[in-house]
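One structure is given here, and the rest of the page talks about it.
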Amino acid sequence: QVQLVESGGGLVQAVGSLRLSCAASGRIFNVNYMGWYRQAPGKQRELVARISSGGVVNYADSVKGRFTISRDNAKNTVYLQMNSLKPEDTAVYYCNTVFGLGQYDYWGQGTQVTVST
């Protein structure tokens, strides 16, 4: 059974850094994308960063230049290095993967990131 497990969240002061990791396991094959989304209370879930198996990346404008996504395809693991964190980055961060022919879409349980002033 497919499982995504995030780690690395926590509490950090503004302008600090965190590194999130997401390890995917199970019957995963032909990965299309792995990425990170976030959702703050009362707000819609939004894409933070996404990377294809070929290394094509997309970032939300709000994090571009501050966050870096990377992956280890052999381990089905994706990372999110978050620098220069702002209170506005506070949210639950969710790992996501799309694989197969694009019809499989799985989510992690989420990890809380809280940035204080």
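Annotations
- Residue 47 paired with residue 17, simple spin-label distance in nm, labels 7 Å along Cα-to-beta-carbon: 2.6 nm
- Lysines with Cα under 25 Å of residue 43, excluding same-chain neighbours fewer than 8 positions away: 64, 86
- Using 0.36 nm per residue and subtracting the Cα-Cα separation, the extra length available between residue 57 and residue 40 on full extension is 3.8 nm.
- The Cα trace of the range 1-51 gives Rg and Dmax of 13.4, 39 Å, the first to one decimal, the second as a whole number.
- For the range 53-117: span of alpha carbons on each principal axis (Å, largest first): 43, 24, 21
- About the centre of its Cα atoms, the range 7-117 shows a dipole size close to 80 debye [charges on the beta carbon of Lys, Arg (+1) and Asp, Glu (-1) only; nearest 20 debye].
- Extension reserve of the residue 64-residue 25 stretch, reckoned as 0.36 nm per residue once the Cα distance is removed: 11.2 nm
- At most 15 other Cβ within 10 Å, DSSP loop - chymotrypsin sites (Phe, Trp or Tyr not before Pro), the range 1-103: 29
- The range 36-117: trypsin sites (Lys or Arg not before Pro) in DSSP coil with no more than 12 other Cβ atoms inside 10 Å: 43, 64
- Dimensions (Å) - the chain, Cα atoms, principal axes, largest first: 42, 25, 23
Coordinate-derived values only; no laboratory data. None of the values given here were measured: they were computed from a predicted structure. Cβ: placed from backbone, ideal geometry, glycine included. Neighbour counts: every protein chain shown.
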